[in-house]
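Let me begin by presenting the structure, written as structure tokens, before commenting on it.
The values are calculated or read from the model by the stated rules, or taken from the named source; none is laboratory data. Just so you know, these numbers come straight off a predicted model, no measurement behind them. Cβ sites come from the backbone with ideal geometry, for glycine too, and all protein chains shown count toward neighbours.
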Amino acid sequence: MSTRSAVHSKAFTPGRLGQLELRNRVIKAGTYEGMCPRGLPSDALIRHHRDLAAGGVGMTTVAYCAVSPNGRTFEDQMVMSPKLVPRLKVLTDAVHAEGAAVSLQLGHCGAFSRNAELPGRRSLGPSAQFNEYGFMSGIMFSKAMTEHDIADIVDDFGTAAAGAVRAGFDAVELHMGHGYLLSQFISPAINQRQDRWGGSLDNRMRLPLTVVERVREAVGPKFPIVAKTNLRDGFKGGLEVRESIGVALRLEAAGVNALELIGGFTSKTPMYLLRGERPLKEMIAVEKSWAQKLVLAVLGRAVIKEYPFKEMFFLKHARKIRKAVRMPLVLLGGIVSLQNLETAMQEGFEFVAMGRALIADPDLIDRMRRGEVTRSRCTACNKCVAEMDRNGVRCVLDD
Ligand SMILES: Cc1cc2nc3c(=O)[nH]c(=O)nc-3n(C[C@H](O)[C@H](O)[C@H](O)COP(=O)(O)O)c2cc1C
């Protein structure tokens, strides 16, 4: 019999996401799994989320499901379609059997894509731009979306969200951060449009808000919609907190059920969203293209800026959103200990999300609750990022 006693924390009590009750306030943040060869959810993906559910999280998030084929950053990502639904239903059933809820992250990569199957080899974004993320894959420039393209993408988000409901998900998470399409529209640096989709914050928010409206129509009034949105883009001229407060207020007014607060731009400041070591050697090793390997080896240090890891690294900015809105907020970024969970609750966040700490230990929450550990063993080495492109995301501390 264990001599340790159960730990009591508000984080381990039920929390409400709209009408959905989660058994506790810890959400597994979406971390791309790399477990969908040819876009099909594998057994490994199902096991991965079942293990997280069995390990005690309130809700797990299946990362990055593209809403349309041209919304993929690269070829092996899932694209929502009726064909995917039965397989995803196996996954949601497996998570539910362990007592957790499961959300599906829906996204479109917009301008930054290295998807070789992209029609015409031109990615679509708010404005025509050089595609620094995909130029080595032959996708040199993005094209400015037409009204017709925008209407299609809004429809795609709606159709994909309806697919998530049919597949048994408990919530959808709309990716509006990290420099993906909706984040590109919000960003004053990237969105250079002169029409009703660009310029003022009201105009830059028009696409994210139209997507929320369409998704709401598709999922019905009770189904939880979470938006993952940037506090700061993390580069000069990008979104800053004074505007992200306006983003949050508009999403709250639009009836989004919770905001998951984050920052950074995958194509420009990838380490700003992670912090910690830059796993260049490992990224070069798993890179399939020789040209890309060379670019990473020669330019990697210069173009991928490193930011030191700090616990709760977005708390300072997230507090400003906490003061501005009443809706549930999810604090994310560098949450690694029981103390961090407590601080987040004391600061008024309804939920916390954890990425790397739960990649390192899927059962961290149960072990914290049982009093066996007080912090994650994650060292922010970020080698899990390279593992994603090898055989699927995992912690290298297990080697
Ligand atoms: C391996 C890996 C893959 C990731 N993939 C995604 C993703 O697909 N979608 C997303 O929104 N964030 C992704 N992220 C970012 C995480 O959701 C999270 O914002 C970030 O890791 C900071 O949280 P943490 O300090 O708890 O890890 C990824 C992070 C890692 C480490």
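Which condition does Ala380 not pass, out of (1) within 14 Å of the ligand (Cβ to nearest atom); (2) assigned to a helix (DSSP H, G or I); (3) small (Gly, Ala, Ser), if it passes all the others?
Tallying (1) within 14 Å of the ligand (Cβ to nearest atom); (2) assigned to a helix (DSSP H, G or I); (3) small (Gly, Ala, Ser), Ala380 fails exactly one: (2).
I'd like the residue in the range 334-355 that is out of contact with any Leu (no Cβ under 8 Å at 6 or more places or on another chain) and in contact (Cβ under 8 Å) with a residue 60 or more places away in the chain and, out of all such residues, is nearest to the ligand (Cβ to nearest atom).
Applying the filter and picking the extreme gives Leu341.
Just to be sure before I move on: is Phe313 more than 12 Å from the ligand (Cβ to nearest atom), under 20 Å from Gly177 (Cα atoms) and either among the hydroxyl-bearing types (Ser, Thr, Tyr) or part of a loop (DSSP other than H, G, I, E, B) (or both) in the structure I sent?
Working: more than 12 Å from the ligand (Cβ to nearest atom): no; under 20 Å from Gly177 (Cα atoms): yes; either among the hydroxyl-bearing types (Ser, Thr, Tyr) or part of a loop (DSSP other than H, G, I, E, B) (or both): yes.
So Phe313 does not fit the description; no.
Restrict the check to the range 286-302 and report whether at least one residue is in a loop (DSSP other than H, G, I, E, B), within 16 Å of the ligand (Cβ to nearest atom) and more than 30 Å from Thr13 (Cα to Cα).
The answer is yes; a qualifying residue exists.
Have a look at Arg166, Arg196 and point out the one that is of a type in the set (Lys, Arg) and touching a residue at least 24 places away in the same chain (Cβ under 8 Å).
Working: Arg196 fails: touching a residue at least 24 places away in the same chain (Cβ under 8 Å).
Answer to the check: Arg166.
Any idea which of Leu52, Leu45 is under 17 Å from the mean Cα position of the chain (by Cα), farther than 23 Å from Glu372 by Cα and either within 14 Å of the ligand (Cβ to nearest atom) or part of a loop (DSSP other than H, G, I, E, B) (or both)?
Values: Leu52 fails: farther than 23 Å from Glu372 by Cα.
The match here is Leu45.
Go through the residues of the range 65-87 one by one and say whether even a single one is farther than 23 Å from Ser123 by Cα, surrounded by 24 or more Cβ atoms within 10 Å (Cβ to Cβ) and more than 13 Å from the ligand (Cβ to nearest atom).
Within the range 65-87, not a single residue is farther than 23 Å from Ser123 by Cα, surrounded by 24 or more Cβ atoms within 10 Å (Cβ to Cβ) and more than 13 Å from the ligand (Cβ to nearest atom).
Can we say Ala253 is crowded, with 17+ Cβ neighbours inside 10 Å and out of contact with any Ser or Thr (no Cβ under 7 Å at 6 or more places or on another chain)?
No.
Output the residues belonging to the range 133-152 that are part of a loop (DSSP other than H, G, I, E, B) and either over 16 Å from Leu181 (Cα atoms) or among the β-branched types (Val, Ile, Thr) (or both). I'd like the intermediate steps shown before the answer.
Step one: list which residues in the range 133-152 are part of a loop (DSSP other than H, G, I, E, B), which gives 133-134, 138-140, 145-146.
Correct list: Gly138, Ile139, Met140, Thr146.
Please count how many residues of the range 110-129 are more than 16 Å from Gln77 (Cβ to Cβ), assigned to a loop (DSSP other than H, G, I, E, B) and out of contact with any strand residue (DSSP E or B) (no Cβ under 7 Å at 6 or more places or on another chain).
Final tally of qualifying residues: 0.
One residue is enough: does the range 260-273 have a residue meeting the conditions touching a Gly at 6+ places or on another chain (Cβ under 6 Å), within 13 Å of the ligand (Cβ to nearest atom), assigned to a strand (DSSP E or B) and at pLDDT 95 or above?
Yes, that holds for at least one residue.
Which of the residues that make up the range 173-201 are under 14 Å from Ser127 (Cβ atoms) and hydroxyl-bearing (Ser, Thr, Tyr)?
Listed by number, the residues that qualify are Ser183, Ser187.
Find the residue count for the range 7-19, including only residues that are surrounded by 17 or more Cβ atoms within 10 Å (Cβ to Cβ) and part of a strand (DSSP E or B).
Of the residues in that region, 2 qualify.
Return a yes/no flag: does the range 181-193 have any residue that is in contact with a strand residue (DSSP E or B) (Cβ under 6 Å, 6 or more places away or on another chain), part of a loop (DSSP other than H, G, I, E, B) and within 16 Å of the ligand (Cβ to nearest atom). Can you show your working first?
Here is the first cut: in the range 181-193, the ones in contact with a strand residue (DSSP E or B) (Cβ under 6 Å, 6 or more places away or on another chain) are 182-184.
Add one more test, that the residue is part of a loop (DSSP other than H, G, I, E, B), and what stays is none.
No, the conditions are met nowhere in the range 181-193.
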